[in-house]
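Each remark here refers to the structure printed beneath this line.
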Amino acid sequence: MTRSFFPLLLAVPLALAACGDAGSDERADMPGMGAEAMDDMHEMPDGSMMDGAEHEHQASADGEAAAPEMVDGVQVVEVEAGRMGYQPRQIALEAGVPARLVFTRTVEDECSSQITLPAYDVPTTDLPLGEPVAIEFTPTETGEVQFVCGMDMQRGTIAVVS
């Protein structure tokens, strides 16, 4: 093995540790997650485990894009930055109408601690654990744009329509 691969070998485990290892059973040591609670668990394609409620939420989040709620002329979508990434992962917004994405981080992973929306020049914004943080912008052109975590690993998509 050459020396040039050594930093890469170190980077992968560090990135997994920062974003949470989806393959590990983090719930085994949590109160209330005994054998009876594990009965409602589903194995995901990546080998991670998800309870029934999360599985249903994930299934709906991966399908159609989430529609915003209109509040005083502003498109509002609440987004959870959690163990499974962003929920919803896909958001539909109308071009030319102000938008507010309200992010709430629900896990301590470093990967979920910041958000940025480069297409609209939204700078990297800290997401304190458990506190809603609003990102406001006006989508201008139709198409798809991404919002990403501060480590550029977790992503969500905004479909801007006319």
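The Rg/Rh ratio of the stretch 68-120, with both radii computed over alpha carbons and Rh defined as the Kirkwood radius, is 1.00. The label point for Val76 and the one for Met153, both projected 7 Å from the Cα toward the Cβ, are 3.2 nm apart. In this structure the amide hydrogen of Thr138, modeled in the peptide plane, comes within under 5 Å of the amide hydrogens of Ala99, none closer than 5 places in sequence on its chain. Please state, as a whole number in µm²/s, the translational diffusion coefficient that the Stokes-Einstein equation yields for the stretch 94-133 at 4 °C and 1.567 mPa s, with Rh defined as the Kirkwood radius across alpha carbon pairs. This corresponds to a translational diffusion coefficient of 115 µm²/s. The convex hull around the C-alpha trace of the stretch 66-161, projected and averaged over every direction, spans 5.3 square nanometres.
The stretch between Thr125 and Glu110, if pulled fully straight at 0.36 nm per residue, gains 4.1 nm over its current Cα-Cα span.
Assuming a ≥ b ≥ c are the square roots of the Cα gyration tensor eigenvalues, decide whether the stretch 107-152 counts as rounded (a/c under 1.5), prolate (otherwise, with a/b larger than b/c) or oblate. It is prolate, given that a/c is not under 1.5 and a/b is the larger ratio. Computed from backbone phi, the HN-Hα couplings of the stretch 105-117 come to 7, 10, 9, 8, 4, 4, 4, 8, 7, 9, 9, 9, 10 Hz, rounded to whole numbers (Karplus: 6.51 cos²θ - 1.76 cosθ + 1.60, θ = phi - 60°; Gly and Pro given as x).
Values quoted throughout were computed directly from the atomic coordinates according to the rules given, and no laboratory measurement underlies them. These numbers come from a predicted model, not from an experiment. Counting neighbours? That spans all protein chains shown, and the Cβs are built from the backbone with ideal geometry, glycine included.
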